[in-house]
Amino acid sequence: MTEFSRRVEDVSISGIREVFEAAGEEAINLGLGQPDFPTPEHARRAAIDAIESGAVDGYTSNKGTRELREAISEKYDRDYSLAVDPEDVIATSGGSEALHLAIEAHVDPGQEVLFPDPGFVSYDALTRIAGGTPNPLELREDLTLDPETVEAAITDDTVAFVVNSPANPTGAVQSEEDMREFARIADANDVLCISDEVYEHIVFEGKHRSPMEFAETDNVVVVSACSKSYSMTGWRLGWIAGSNRRIERMLRVHQYAQACASAPAQYAAEAALSGPQDPVEEMVAAFEERRDLVLDGLADMGLETPTPQGAFYAMPEVPEGWVEEVVDRGVVVVPGEAFGENGAGYARLSYATGTEELEEALGIMREATRAVR
Ligand SMILES: Cc1ncc(COP(=O)(O)O)c(C=O)c1O
């Protein structure tokens, strides 16, 4: 007899934390996956008003308030001309819980989930927690996921594949053509496409497209959140949208794990989604300027970096010992291996940090690069 479940035995705590600890308190932190902007004023105000009026004293409906789900539905109409019924949405505790619902409700022990490697740390862990088998997939040179790689990896055991665009940790954005292919693959092979779109608004060129726009069956579910787009990581508010039968099935997990998402956060999210969108535009413009600064700096050091087209991460190829040297000199960056085996030889830099700090960090990285070359 063991003390703990086998499924959780195989899950390790994300490697990112170790880097924070190694760098010390004075370090410049390029390790964080969250915007350095405040939550928009109108979103905070909506939560304060809801608290003061007592509207948040009780549970909401399991799926979330009708008003929030209507705001989410209007968002899909506004952004993608997609008809999403407010009944076919569950408000969750961040995008994290939405991913958990998708995997828990669809994956049986022994079944496989495909996902990008390097990729966001949750896909592997959540698959293991569900008793499934993670199958990480190699990326193209430009760090996007090739639909052909996905289709070639599908076997009788595959139930789902994850698409994440814009992506963490790479900043890569999938083309519309790729998104059409992912939808076709989900339809043709009868596997679920879990589209993680938490960075959907943080795109520098063109526009984010969703496989849900192109699917002919209900084999796509979309995960998103207020966390990144509205700088609301601490509020813990995301959602999942899909067909009614999938939502009702995922609700079985959500109901028992969570009951409902935090009520004050639901009011803030409703205001963020339905109010003025200029805070998002301002944040994205700032991220684009910083991306250019970081790319120029890395190019000056002779480090090759695929141009990130979204999110707020850059992923340069780095020489051996580079991450340790940079961390020792007081700049937190995350080793690529934290995001999967194929991340080896890369580092993830988050540029959700002020320009002055970024410039200082780039100076330190330049010295570190000289030291390890
Ligand atoms: C790709 C990706 N998906 C999902 C999440 C989870 O977001 P949330 O904070 O809304 O749970 C993150 C957070 O870093 C992420 O990078």
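The values are calculated or read from the model by the stated rules, or taken from the named source; none is laboratory data. None of the values given here were measured: they were computed from a predicted structure. So basically every Cβ, Gly included, is an ideal-geometry build from the backbone, and we count neighbours across all protein chains shown. Quick note on the areas: whole protein, heavy atoms, side chains included, nothing else; ligands and nucleic acids left out. Shrake-Rupley method; radii C 1.70, N 1.55, O 1.52, S 1.80 Å.
When region 291-309 is filtered for residues that are crowded, with 18+ Cβ neighbours inside 10 Å and not in a loop (DSSP other than H, G, I, E, B), the ones remaining, listed by number, are ARG291, VAL294, LEU295, GLY297, LEU298. Taking the conditions (1) more than 17 Å from the chain's Cα centre (by Cα); (2) open to solvent by less than 20 Å² (accessible area, probe 1.4 Å); (3) more than 13 Å from the ligand (Cβ to nearest atom); (4) among the hydrophobic types (A, V, I, L, M, F, W, C) in turn, ALA241 satisfies each one other than (1). Return a yes/no flag: does region 143-150 have any residue that is in contact with a Ser or Thr (Cβ under 7 Å, 6 or more places away or on another chain), under 20 Å from GLY343 (Cβ atoms), at pLDDT 95 or above and more than 16 Å from the ligand (Cβ to nearest atom). The answer is no; no qualifying residue exists. With the requirement that a residue be of a type outside the set (D, E, K, R) and out of contact with any Leu (no Cβ under 8 Å at 6 or more places or on another chain), what does region 309-331 give you? Answer for region 309-331, where residues must be of a type outside the set (D, E, K, R) and out of contact with any Leu (no Cβ under 8 Å at 6 or more places or on another chain): GLN309, GLY310, ALA311, PHE312, PRO319, GLY321, TRP322, VAL323, VAL326, VAL327, GLY330.
Pairing residues of region 49-60 that are assigned by TED's automatic domain parsing to the domain that holds ALA259 and among the small types (Gly, Ala, Ser) with residues that are assigned to a loop (DSSP other than H, G, I, E, B) and surrounded by 10 or more Cβ atoms within 10 Å (Cβ to Cβ), at Cβ distances under 8 Å and at least 6 apart in sequence or on separate chains, gives ALA50/VAL56.
Taking region 199-233 as the range and being near the ligand (Cβ under 9 Å from one of its atoms) and open to solvent by 20 Å² or more (accessible area, probe 1.4 Å) as the test, the residues that pass are LYS228, THR233. Screening THR127, THR92 for residues that are within 16 Å of the ligand (Cβ to nearest atom) and either free of Cβ contacts under 8 Å to residues at least 60 places away in the same chain or touching a Ser or Thr at 6+ places or on another chain (Cβ under 8 Å) (or both) leaves exactly one candidate, THR127. Screening region 76-131 for residues that are within 17 Å of ASP10 (Cα to Cα), part of a helix (DSSP H, G or I) and of a type in the set (A, V, I, L, M, F, W, C) and picking the one that is most open to solvent (accessible area, probe 1.4 Å) gives ILE129. When LEU349 is tested against (1) under 30 Å from ARG44 (Cβ atoms); (2) touching a strand residue (DSSP E or B) at 6+ places or on another chain (Cβ under 8 Å); (3) open to solvent by less than 10 Å² (accessible area, probe 1.4 Å); (4) in a helix (DSSP H, G or I), just one condition goes unmet, and that condition is (4).
Of the residues making up region 244-282, not one is among the aromatic types (Phe, Trp, Tyr) and within 14 Å of the ligand (Cβ to nearest atom).
If you go through region 289-319 and keep only what is among the aliphatic types (A, V, I, L, M) and within 16 Å of ARG366 (Cβ to Cβ), you end up with LEU293, VAL294, LEU295, LEU298, ALA299, MET301, LEU303, ALA314, VAL318.
Evaluated against (1) in contact (Cβ under 8 Å) with a residue 60 or more places away in the chain; (2) surrounded by fewer than 17 Cβ atoms within 10 Å (Cβ to Cβ), GLY321 falls short on exactly one condition, (1). Which count do you get for residues in region 153-172 that are away from the ligand (no atom under 16 Å from the Cβ) and either open to solvent by less than 40 Å² (accessible area, probe 1.4 Å) or closer than 22 Å to PHE339 by Cβ (or both)? Qualifying residue count, region 153-172: 4.
Taken over region 173-198, the criterion of being outside any helix (DSSP H, G or I), open to solvent by less than 10 Å² (accessible area, probe 1.4 Å) and within 16 Å of the ligand (Cβ to nearest atom) is satisfied by CYS193, ILE194, SER195, ASP196, GLU197. Scanning region 165-218 for residues that are among the polar types (S, T, N, Q) and under 27 Å from ARG291 (Cβ atoms) yields SER165, ASN168, THR170, GLN174, SER175, SER195, SER210. Against the list (1) out of contact with any helix residue (DSSP H, G or I) (no Cβ under 6 Å at 6 or more places or on another chain); (2) of a type outside the set (Phe, Trp, Tyr); (3) closer than 18 Å to MET212 by Cα, the condition VAL84 fails is (1). A Cβ distance below 6 Å, combined with a sequence gap of six or more or placement on separate chains, defines the contacts here; from region 232-257, residues that are assigned by TED's automatic domain parsing to the domain that holds ASN219 and over 14 Å from GLU104 (Cβ atoms) reach residues that are part of a loop (DSSP other than H, G, I, E, B) and charged (D, E, K, R) in the pairs SER243/ASP218.
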